[in-house]
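To start, the structure under review is shown below, and the notes come after it.
Nothing in this text is a laboratory measurement; each read-out follows from the coordinates by a stated rule. These figures come from a predicted structure and were not determined experimentally. Cβ coordinates were reconstructed from backbone atoms using ideal geometry, including for glycine residues, and neighbour counts include every protein chain displayed.
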Amino acid sequence: MVSLPKKKKKKKQTNALFSPHKAKNEVECPFCGYNITKPFPKDSLCPKCGKFLAKLFESTTDKTEKPQPKQFETKTSTLSSKFKGKVNVKQKPLDISLEKERIQLTKGEYVKLFGITSTDRTQLFCSNDNLNYLLELTNNLDLIATGVLGGELDKMHLITEEDNTEEKCQFYVKDEIIYLVYGNFPDKKGKWLLEQMSNNYTELTRGKDVNQLDKFEMYEIQLEFKKRANFILKEYLKLQEVFSDQDLGYVEDTIRIDYLGLSSMSIGVISLLLGDELVTEMHMEFENPEDEREMKESMITARIEAIAANTQGNTGAIPRWIAVKLGFQQYRLITFKKYQNDFFLSLLSEGNLGKVEQVEKLLELKITEATNTPFSGNLKPFNKLREELEKQLKKRRKFPPFNFD
């Protein structure tokens, strides 16, 4: 009996076109419909429309490199030759994540918060829940910036009371949305971060009313923007050689004082309005111009004290200055100077921020005479000081020169 040869089993072939791994090897652009196949672009941008795609970003960042076998080579260098000249130490790449309380960048720079709020006080994004109060503070600052100061909110400089650390909030207002970044970084780099935030958030909310988003829409936009914010920070590190740490100078070489206030424990003891540059909306009419001026002084004092108390109470830091932009390198400023016995001097001014300290020194001799004891409720010494300051500042409120002669 002749045995027939056994038939060879055909290997089961899988159609590559219908491979279950196809989804992992291809990403469709939600903006233009273009199908992107591996290898994916490292910049996570669609090759056709140039838009940033979070799916590509996840695909390229989630990959872990396979360990390469170590190559053993014959040792030819001696200890003396090995350490000859400079030793280059390979630095570990920085771990960038918005989940961290403090995102360490480079050169001692760091970011603690990315925030977005509308001018209608709708909080749209906050990367750090512990600093959520900064969004409300931003809206309060915007109110005084666009009102009394008549400009656009630009930046705030803070000094912590515990360790005297200097930090800043930098702002960018566009299409009734305020973007803020909080931490320690040069102005130019902060501006770049804010512009990238604005470009990406505008793209995600195009055609939508940000003040009327439902909870699901808000969640989806926040989730997508968080991915983009991580990408922005990684790009920030790549552009270090392009960025300049040198900030632009001020257009003005002088500073003009428009308001002076002195307070203790958020109680205003002196308020002095100078000139008529500051705009205040008064909802009442006055027969006596002096009564109108006093009311304006009281309104400005109340707003400044509220800002100072709110900032110090929430951040544990004293606002050193708040800048409002009027034009190219032209600013109005609110500055704060702490004196003994918890007294604070606040100035509203316009011009060169670098001149403020010299003005403060000029006023210091007179102010310290009245602040050498804690405030007890007696206004007599402060009324006398107010008269002296008003007399001197009527002679000159634009500096330099830094004298009253």
### Query
aspartates and glutamates within cross-link reach of LYS42: Cα-Cα under 13 Å, excluding same-chain residues under 8 positions apart?
GLU58, ASP62, GLU235
### Query
Once both labels are modelled 7 Å past Cα along the beta-carbon direction, what's the MET295-MET265 spacing in nm?
3.1 nm
### Message
I need the calculated FRET efficiency for the pair ASP43 and ASN164, taking r as the beta carbon distance and R₀ as 41 Å, to the nearest 0.05.
### Response
0.50
### Query
Could you give me the ³J(HN,Hα) list for the range 340-349, computed from phi with Karplus coefficients 6.51, -1.76, 1.60 and θ = phi - 60°, whole Hz, x at Gly and Pro?
4, 6, 6, 8, 10, 9, 10, 10, 9, 9
### Summary
Taking 36-42, 293-299, 196-202 and ranking on average Cβ neighbours within 10 Å, highest first, one gets 196-202, 293-299, 36-42
### Query
Among TYR236, TYR110, which comes first, then next, by fewest other beta-carbon atoms within 10 Å?
TYR110, TYR236
### Task
Please give, to one decimal in nm, the separation of the simple spin-label points placed at VAL279 and PHE402, each 7 Å out from Cα toward the Cβ.
3.3 nm
### Task
Per residue of the range 312-322, in order, report the coupling 6.51 cos²θ - 1.76 cosθ + 1.60 (Karplus, θ = phi - 60°) as ³J(HN,Hα) in whole Hz, putting x for Gly and Pro.
5, x, 8, 9, x, 10, 8, x, 6, 7, 10
